[in-house]
1. Which condition from (1) surrounded by 15 or more Cβ atoms within 10 Å (Cβ to Cβ); (2) out of contact with any Leu (no Cβ under 9 Å at 6 or more places or on another chain); (3) farther than 29 Å from Ala186 by Cα; (4) among the polar types (S, T, N, Q) is the one that Thr97 breaks?
2. Taking Tyr180 as the residue in question, decide whether it is open to solvent by less than 40 Å² (accessible area, probe 1.4 Å), touching a helix residue (DSSP H, G or I) at 6+ places or on another chain (Cβ under 8 Å) and under 29 Å from Val15 (Cβ atoms).
3. Has the stretch 49-61 got any residue that is touching a residue at least 60 places away in the same chain (Cβ under 8 Å), part of a loop (DSSP other than H, G, I, E, B) and either in contact with a Cys (Cβ under 7 Å, 6 or more places away or on another chain) or under 19 Å from Cys95 (Cβ atoms) (or both)?
4. Kindly indicate whether Val39 is touching a strand residue (DSSP E or B) at 6+ places or on another chain (Cβ under 7 Å) and modelled with pLDDT of 90 or more.
5. Those residues that are outside any strand (DSSP E or B) and surrounded by fewer than 18 Cβ atoms within 10 Å (Cβ to Cβ), I need them from the stretch 188-203; list them, please.
6. Hey, among Arg124, Arg45, which residue is part of a loop (DSSP other than H, G, I, E, B), among the basic types (Lys, Arg) and under 30 Å from Leu245 (Cβ atoms)?
7. Can you pull out the residues in the stretch 130-165 that are touching a His at 6+ places or on another chain (Cβ under 9 Å), open to solvent by 10 Å² or more (accessible area, probe 1.4 Å) and in a helix (DSSP H, G or I)?
8. Out of everything in the stretch 247-295 that is in contact with a Lys or Arg (Cβ under 8 Å, 6 or more places away or on another chain) and either in a helix (DSSP H, G or I) or among the aromatic types (Phe, Trp, Tyr) (or both), what residue ends up being most open to solvent (accessible area, probe 1.4 Å)?
Amino acid sequence: MARDLVGYGRTPRPVEWPDGARVVVNLVLVYEEGSEYSVLEGDDRNDGWGEYADAGVQPPQRDLGTETHYDYGARAGVWRLARIVDDAGVPATVCATAVALELNPDVAGWMRERGHDLLGHGWRWIESWRLSREEERDQIARAIETFERVLGERPLGWNCRSWPSPHTRELLVDEGGFIYDSDGSADDVPYYVPSSGRPFLVVPYSKTYNDSRYLVAPGFSSPRDFLDTLTLGLDELVRDGRTALMTVPVHARWTGQAARAAAVRAFLEHAQTLDGVAFMRRLDIARWWLDSYPP
C-alpha cells in the first residue's frame, strides 16, 4: 500500500460542514471492557492495566487486580461519561467491541435511546495484525453478527485496536457493508485511499487528542493536561479558519474516572461557547463527505 505524503496540498479546496460549521468535533466513547486478553477467556496472556510499569500477573494465573480495572470501566466509568454526554446534549460515537456490548447490553440500550452511532472496534479487543487473513475475516463477520443481535444494527465504520493489519481495509471493502474506516490519522478532514481497485473513505482518527496519552511518556500527567490539549487544539482549529474534524477518543476505564471525566465536561462546555463549532456523529460525518465530496 503506497503512502500519500501530499494529500490536499498547500491550498486545499474549500469545503463545508452542515449548516456552515467550520470545525466539527466528534466525541468517541471507547468501550472495550470484558473483551481484553485474559486467561479467563483462554488467551495466552493477560492485558495490562496500562498505567504501571509492572506488566501484571501472567499465565497460568488470572490477573484479578487488573480485571477489576476493566470492570470499573463497565460498571461505573461508561455511565459517568454517558451522563456527561447526556448533560451536554451532544451526539457521540461509541467505538465498541462486539463482546463488550454483549456483556453489558445496557450500553447498547443507551446508544439506541440517545441515537449514538457505532464505530466497530472488533469482535474482541485484540491485535488484528497478529491474525491470519482468514482469522481476521472470521472475526469481522462474528463482530457484525453480534452487533446486529445485541445492538440491532451493524457497524458501517471500523477501527482496529491500535493498528490495522495489512489485510484489514481490503477485508472491509470485500465484506461490502462498510462505508469508511478510521484506522488512519493522516489529515484534519476525511480523505480517500485506494483499496481493492476503488476509492475508500477514511474518517481520520487521532492519537493526539486521545486519552491513551495518560499511559505514555511524555503524556498527560494530569486531567488539566488533557483539557489544555483539547481546548488549545480546538481554539487553533477555529482560528485557522479551515474546515477541520477534531476527533476526541475517551476510554471508559481511563477517562471514566471522576477527575479525568471532569476534563471532558469542561471541554464540552468550552466547545459549545465557540461560533462555528458543531458536534456530529462519525457516521454522519462519513455520509456527509461521501455525498458532498465524492471521490
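The values are calculated or read from the model by the stated rules, or taken from the named source; none is laboratory data. Just so it is clear, the structure is predicted and the values come from calculations on it, not from any experiment. Positions of Cβ are generated from backbone atoms using ideal geometry, with glycine treated the same way; all protein chains shown enter the neighbour counts. To get the accessible areas, we keep the full protein, side chains included, count just its heavy atoms, and leave off ligands, DNA and RNA. Shrake-Rupley method; radii C 1.70, N 1.55, O 1.52, S 1.80 Å.
1. (3)
2. yes
3. Going residue by residue through the stretch 49-61, those that are touching a residue at least 60 places away in the same chain (Cβ under 8 Å) are 50-51.
If we keep only those that are part of a loop (DSSP other than H, G, I, E, B) as well, we get 50-51.
Among the residues that remain, those that are also either in contact with a Cys (Cβ under 7 Å, 6 or more places away or on another chain) or under 19 Å from Cys95 (Cβ atoms) (or both) are: 50.
So far as the stretch 49-61 goes, yes, one or more of its residues are touching a residue at least 60 places away in the same chain (Cβ under 8 Å), part of a loop (DSSP other than H, G, I, E, B) and either in contact with a Cys (Cβ under 7 Å, 6 or more places away or on another chain) or under 19 Å from Cys95 (Cβ atoms) (or both).
4. Values: touching a strand residue (DSSP E or B) at 6+ places or on another chain (Cβ under 7 Å): no; modelled with pLDDT of 90 or more: yes.
Considered against the rule, which asks whether it is touching a strand residue (DSSP E or B) at 6+ places or on another chain (Cβ under 7 Å) and modelled with pLDDT of 90 or more, Val39 comes out as no.
5. Ser196, Gly197
6. Residue meeting the stated conditions: Arg124.
7. Arg133, Arg137
8. Among residues in the stretch 247-295 that are in contact with a Lys or Arg (Cβ under 8 Å, 6 or more places away or on another chain) and either in a helix (DSSP H, G or I) or among the aromatic types (Phe, Trp, Tyr) (or both), the one most open to solvent (accessible area, probe 1.4 Å) is Ala258.
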